[in-house]
Amino acid sequence: MDSVLNEKWFELSLVQQMINIGNEVKRALKFTSDPNKRNMFFDRAIQYTNFTMEDPKNAHVLSELLISKEVLEDYCGEHHLACTGEQINGYYQAFQYLL
């Protein structure tokens, strides 16, 4: 991860990090007809999830972050978990109410 992004990302609270991930998910779900853009936004959401997992202050929620990453990867891949885009979006939207 580039050091500037690392510093900026780690300055955000966990809630702010989750909202940013959710914004990428929301963008991805809007591009159902453009797989390239859809994948770009989902890849960014997964990348931001990785950054969030690397943030030492988030160690207490690492297991939940791992699950959320697994859900995103599954949704973009083989879709074994059968989560809908609406369910995933709802999970991340809930963090906006915590600010």
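Readers should treat all values here as calculations from the given coordinates under stated rules, not as data from a laboratory. Please read all numbers here as calculations on a predicted model, not as lab measurements. Every residue, glycine as well, gets a Cβ built from its backbone with ideal geometry; the counts of neighbours run over all protein chains shown.
Going by a ≥ b ≥ c, the root eigenvalues of the Cα gyration tensor, does region 56-99 fall in the rounded group (a/c under 1.5), the prolate group (a/b larger than b/c) or the oblate group?
Oblate.
Think of it as helices only: each DSSP H run of n ≥ 4 in the chain is worth -39500 (n - 2.57), and spread over all residues that comes to -23000 deg cm²/dmol at 222 nm. Computed on the chain, with alpha-carbon pairs under 8 angstrom and 6+ residues apart, the relative contact order is 32 percent. Taking a straight line from the alpha carbon of LYS37, these lysines sit under 21 Å away, with near neighbours fewer than eight places off in the same chain left out: LYS26, LYS69. Dipole orientation for the chain: of the candidates PHE95, LEU5, SER68, PHE95 has the Cα lying most toward the positive pole (charges on Cβ; Lys, Arg +1; Asp, Glu -1). Each of GLU73 and HIS60 was given a label point 7 Å from its Cα along the Cα-to-Cβ line. The distance between the two points is 2.6 nm. When mean projected area of the Cα convex hull in nm² is computed from the coordinates, the matching label among (1) 5.5; (2) 6.4; (3) 9.2 is (2).
Angle of helix 14-30 to the longest C-alpha principal axis of the chain, folded into 0 to 90 degrees and rounded to 10: 20°.
Of TYR48, ILE19, HIS80, which is farthest along the charge dipole of the chain in the positive direction, counting Lys and Arg as +1 and Asp and Glu as -1 at C-beta? Value: ILE19.
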